[in-house]
Structures are given as C-alpha cells and as structure tokens.
Amino acid sequence: APPWAHVFAPGYTGEYRTAFDYGTISKGDMTYRNPLPPPTLAHAKTLYDAEVATADRAVGRLLRQLEISGLARNTLILFTSDHGESLDEHGYYFNHGDFVYGPAANVPLVLRGLDTLPERDLVGEPVALVDLQATLLAAVGVPGSVVGDGRPLTGEAAADSSHGRLFGESGFCRFPHLNDRLGFLLPREVAQNADPVPDWRERWEEQANRAKQQFVESGRFKLVRSPRPAGDSFEVFDLIADPGEQHDVAALHPQVVTALRERLAEWTSRGDAQIGTAGDRRLDEETRARMETLGYIGD
C-alpha cells in the first residue's frame, strides 16, 4: 500500500511499480521458469519488504490503541502467519506450498502479555502452529483437550526434550508440467481439477502423497526428502551455520542422514495408517472464478 512501495523503491518505473501480480505471465511460469529480468526481480523483492512494513505499521497502530485504552494490561497478543514466501530460493519464485525449505515454511511467532507467559525471549526447541491451541489455553488458564500433536510452549511440556523434532510436508504440485524436479507427479488435469476425481482414492491418492516433499528437523539439522522416479534424494541443512538452507551438507554427515531418515519414515508410516476424514468438495462457478483470480486454480 502507498506510500511504502515508493519509499522502498523510489527509482523504479517499470510495469510492477506499485503491485506485483502475474499479469501476462502465468503463475506456473512465474513460479518455476521465471522470465523477469534481474531489475524486475529485485523490485518484486522490494515490494515484499514494503508489504512487511505495511503489516508492521498496522500491528503498531493496534498495539498503540491497546496501550492508550488500558486494555494491553489484560490482553494476550499473538502475531504469526500461515506461511512464508519463497523469493527465488532453490529456484522457486514468489510462491509457497510446493517445497518445504525454510523461506516458504518458516513463519514469525511472537507472544506478549499475561503473567502466565515466561519472561524470556525465545523458546529453544522447534515449534509449530499446531502448538498454538495448547499454548493459548495454558496461558489463559482454560482447561480443555488439545486437538492433534500440539503442546504448550511454556512449563513442563515445553521443557520435554522428546518434542525437539519437527516434521512436515508440502502439498502436491499444481504445476506438474512445469516442475521437473520432483517425481511421482500427478497428471496436470488431476492436479488442477477442483472437483472430485472419480477414482481419486484408488488411483491417485497414494501417488499424490508420494509427490510431496517432506522434512524432519531435529536440533541443528534439517533433512529434506524430495521424491524422484529413480529414487528419493535427501538433503541436510545445518540450521545454525546456514539458516537460509542454501548448502546441502548431507555428504558431510552420513550418520545424521541415516538417523533423520529413520525418524521421517516412522512419522510417514504413522500418517499413512490414519484414515482421512476430508469430504468431497464441489465449487460453484462464482467460487471457482474467485479462486482463479487469487491464483489457486489454473496455471
């Protein structure tokens, strides 16, 4: 929003001066085979900085009003996001969901307020959004059952070292005709069909699950599994020396690869044993058109 785009990139006068959208370039091509020249790519990243500044200003206004009104003394404030965004890392441009590398998978998580929260700056173990429900219930002293694998980020549960692992996976790629780095991809018409596929469970569900990247994070290391037709590939990143996950050190740590592969296989097996409860979905034309405008359908 103005004025931030102009503040961060005052000298840029090209096509994407105030907003970055797909325009004449399809989302799939923009994501995987980005044709934009270096100055435009640099400007797109600048617009992302401007978007961060816009959010920062909005949060600041909210916090200021809470302070002025006196409500801040009895308010728990949580700031987070549903996903990050890849800005060209690993050859993945301006998107999220198809890969599990940090730029797209990591999110901010900031908590402030209420005396039940510890007075410390950081939680030392990997945490995830599934922990938020348990954390909020514990913070406000409301008893209740926690759904899923989440645990409070405070107290004894947070200190339990057995929780020091983080698992996850991507979605399956909606652009299989463009993403040539992963194997076991669905046909394009199946990947992008928003309506139920008649033989989905019998023919496509297992392949869709195999088409996903997966990761396990434990301590300083993160292992990423990428499916390939000739055999899965495994990367390892040292999150302390390389927080941007740019340098694969799997060859330097074969014992880490073996240990984390076993943990990831156990996690995958537990998930495969569970029966899904998602129902069929059908989109009316209005909803389909809105989702296509947002880039969730089509190329």
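The values are calculated or read from the model by the stated rules, or taken from the named source; none is laboratory data. Predicted model, so just to flag it, every value in this text is computed and none were measured. Counting neighbours? That spans all protein chains shown, and the Cβs are built from the backbone with ideal geometry, glycine included. To get the accessible areas, we keep the full protein, side chains included, count just its heavy atoms, and leave off ligands, DNA and RNA. Shrake-Rupley method; radii C 1.70, N 1.55, O 1.52, S 1.80 Å.
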Inside the range 9-38, the number of residues satisfying the requirement of being open to solvent by 90 Å² or more (accessible area, probe 1.4 Å) and in contact (Cβ under 8 Å) with a residue 12 or more places away in the chain is 3
Taking the range 73-90 and keeping only residues that are assigned to a strand (DSSP E or B) and aliphatic (A, V, I, L, M), one is left with Ile77, Leu78, Leu87
When the range 206-231 is checked residue by residue, the ones that are farther than 13 Å from Val100 by Cβ and touching a residue at least 40 places away in the same chain (Cβ under 8 Å) are Asn209, Ser218, Gly219, Arg228, Pro229, Ala230
For this session: Please work out if Ala250 is without any contact (Cβ under 8 Å) to a residue 40 or more places away in the chain, small (Gly, Ala, Ser) and in contact with a Leu (Cβ under 9 Å, 6 or more places away or on another chain).
Result: yes
Glu206 vs (1) farther than 29 Å from Arg261 by Cβ; (2) open to solvent by 40 Å² or more (accessible area, probe 1.4 Å): all pass except (1)
Flag for Tyr101 being within 22 Å of Asp49 (Cβ to Cβ), at pLDDT 95 or above and surrounded by 14 or more Cβ atoms within 10 Å (Cβ to Cβ): yes
Flagged pairs (Cβ under 7 angstrom, 6 or more apart or on separate chains; first in the range 58-71, more than 18 Å from Pro2 (Cβ to Cβ); second of a type in the set (Phe, Trp, Tyr) and open to solvent by 50 Å² or more (accessible area, probe 1.4 Å)) are Val59/Phe79
query = Looking at this structure, is His83 closer than 27 Å to His43 by Cβ, without any contact (Cβ under 8 Å) to a residue 24 or more places away in the chain and open to solvent by 50 Å² or more (accessible area, probe 1.4 Å)?
reply = no
Here the residues within the range 35-85 that are among the aromatic types (Phe, Trp, Tyr) and farther than 30 Å from Gly141 by Cα are Tyr48
Query raised in the report: Is it the case that Val110 is surrounded by fewer than 14 Cβ atoms within 10 Å (Cβ to Cβ), among the β-branched types (Val, Ile, Thr) and assigned to a helix (DSSP H, G or I)?
Result: no
